[in-house]
Each structure stands twice: as structure tokens, then as C-alpha cells.
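Visitor: Below is one structure. I have some questions about it.
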Amino acid sequence: MYSDLDPSGLPAADSPSREFRFSGAFESVSDDGILWIRNAGLTVRADLNRAKTYLFANTGREENFTIFDPSEIPEQINRNRISGLAGDAKVFVGGTLVTRENRRIFASLPEAPLLVIFFEGQEKALSVRAVRAGRHRNEFFNFLTPYAFILGSFSQILIAITYLTRPAYRMILAAALIALFTPVLPWLPPGILFTFVYRRLWFRARIYRAYRDLARFPLAYISGVPADGVYRGKLPDGENFCIREYNKLPDPALPFLIPAAEKRPADSWYAFGAVPDGKMHAEGWPSEPADAFAVAGILPGNPQTLAVRYTRKAYILEIISWIFLACGIGLNLFFIRMILELLVNV
């Protein structure tokens, strides 16, 4: 877990390398990939070479944690696009602070690449947005699809031309033609109806995986086992952090990380956040942490139980979605085979 870099000044150049996190305003980026970030009078450099660099656009829903926006995907960007970002863009960097030429700089190590996130909106919402939107999309088409389709089509066309004038090899010709159009089989009628169901189920499974990650999110600060229904831990700045069980939920002062409708009747509410020293068991709600990237919130059940539940739901939906996709492809293959047999027998 990264510690905050003290904005009052950088560690001495002869101090050992350590992992820190730092956020501030985007100042500039040089041609050799050195990023400059400014906060509270302190300017920090970060080497973008071999760093994992992402962009979070402003969707207007940063603080509404229960809205799952499929368009809010962290976009991986390269150095060429960074220079075109708006001057008021914010930057989060997390990784190892090393010494180069007697100056401190964030840099990637072979076993620990630097994490750099350009974002808009509240810093408080960034960590939850990253957890919520970090689940990958299962797209039938990706950046490799056009190249694979061109290479595969070219090879199948060569096979078809080779056997086109040989009546005895009509089935090989038919197989080559089927293989040529296999990538578009899910989008042909009547199997396309199954493809729509597949995409809907997979999207729902992606939501459940995001819910699982959100349920695990506060557990990252917890150390040890719970006692008396209270999970205890420390935030990077040393502030006390806890997750507490509540049987009733009056007027909640904290946001829901997962929709309240996900709560089951037998489950209790769990609220998490910062607590003052000596008040771990006091009545009342946990409060918003002073840490800019830690949040307080409410979960509709025990976080460990929720994580197991949503993992199971996601796996089940993914299996069912693949079955629907396979059924759609199989149905289209059946119709194509019928048509080819009719043409061959003509």
C-alpha cells in the first residue's frame, strides 16, 4: 500500500527507494517521457517509460457510486496523447521513488511498473471509480480482430480457389467458405438473437464482478480478524479505519458503494470509514477519512460474504452466456449446412 508523498518536500537524494503515491495538477510532459506534476508548491517528476498510463474522462457520475456506467472505462493512453490533455487535468501517480542524477523521480522497476492515472472530478471518487470500472469488457471484436480476419480470410480464399475446379473436393470448398465467414456467424440471423442474450448476460456478470471488487475494497485496509463485528485497520496516513455491522439503517449519512436493493433480508448493513482514537466501539457512524483517496460508505452485507456471492453469480452468468453464444453459432451452422447441401445436390 503506497504512502503519501509529503508535499512539504521530497526525501533526500541519498535516502533508499520507497513506494509513494502523489497527486496534483498536470504541468507538462517532455519529449523523452518525463511528466511534471504540481501540488502545494511541490513539483514531482515521473518517468512514463514502461509505466501503465490511464485516462478517466469526466462522466458527471463520479460521486454516484451505485451507478454502473458501461462507458466509464479507464482508457490506456500513450505519451503522444498526454501533451494534448487540458491544463486543468489532475494526475495520480503511484510507484517507486528513485534517485537519478542526484534527483528524486518516480520510475518503473522491472517487477513494479509505475501507475499513472489522468482524471477529472473529485479525488475522493477516483479510487472507487477505478475499482468499479476496472473490470475488462468481453468484446467479440478487439484491436487484433481486423488483422486476424484478413489473414484468415486470405488463407481460406486461397483454399477455395485451389479446389474450385475439382468437383470431388466440393466439401473442402464448402468447409473453406464456412471458415471464411465463421467470425461473423454470431451476427447472422437467426443466431443473432442468442448473441444479444449473450452480451446482456455478460454485461450483467461484469456488474457483479465490479460489485465483488467494491465489496473487497475496504478490506484492503483491514488487518487481523474481526472482533465483536468490527473490522479494524489503518489507513496509509495512520488514521484508524473500521468496518462495523449495523442491524438498522436510519437516515444514512454515507454513500452506498453497492445498491441498497442488493441487500438480502437476513443480512446486516456494514458501514466503513475513519474513527477517532479510542472510539472504535462508540455509537454513531464512521466518518470520511482525511486520506484523499480513501472513502467511507455502506455495504448491503458482510464484505467477505458479498465478495463470495458476487463471484459465484458472475461465474454462473458467464457460463450461461457462453452457452447462449454457442447455441447461436450452432444454429447458424445448421442452417448454412442445409443451404450448402441443397446447393451441392442441385
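Visitor: Dipole magnitude of the chain about its Cα centre, charges +1 at Lys/Arg Cβ and -1 at Asp/Glu Cβ only, in debye to the nearest 20?
Guide: 1340 debye
Visitor: So how tilted is helix 170-180 from the main axis of the chain? Cα-based, degrees 0 to 90, rounded to 10.
Guide: That works out to roughly 20 degrees.
Visitor: What is the angle, in °, between the Cα long axis of helix 123-133 and the longest principal axis of the Cα atoms in the chain? Nearest 10 is fine, range 0 to 90.
Guide: With both axes taken from Cα atoms, the answer is about 30 degrees.
Visitor: Find which of Phe241, Leu114, Ile157 sits farthest along the positive direction of the dipole of the chain, computed with +1 on the beta-carbon of Lys and Arg, -1 on that of Asp and Glu, about the Cα centre.
Guide: Ile157
Visitor: Also, I was wondering about something else. Rounded to the nearest 10 degrees, what's the angle between the helix 192-216 long axis and the longest principal axis of the chain, both from Cα atoms, 0 to 90?
Guide: Computed tilt is about 20 degrees.
Visitor: Measure out, as a whole number of angstrom, how far apart the alpha-carbon centroids of region 189-209 and region 74-114 sit.
Guide: So the separation of the two Cα centres works out to 37 Å.
Visitor: Moving on to the next point. In terms of the ratio Rg/(2.2 N^0.38 Å) built on C-alpha atoms, what value belongs to the chain?
Guide: Taking N as the residue count of the chain, the ratio is 1.31.
Visitor: Follow-up question, since we're still on this one. So if I take the centroid of the Cα atoms in region 294-340 and the same for region 230-254, what is the distance between those two points in Å?
Guide: 32 Å
Visitor: Here's a follow-up. Most mobile of Ala266, Ala307, Ala130 per a Gaussian network model of the chain (Cα springs, under 10 Å)?
Guide: Ranking Ala266, Ala307, Ala130 by mean-square fluctuation puts Ala266 first.
Values quoted throughout were computed directly from the atomic coordinates according to the rules given, and no laboratory measurement underlies them. Computed from a predicted model, the values in this text were never measured in an experiment. A quick note on method: Cβ atoms are made from the backbone with ideal geometry, for glycine too, and the neighbour counts reach across all protein chains shown.
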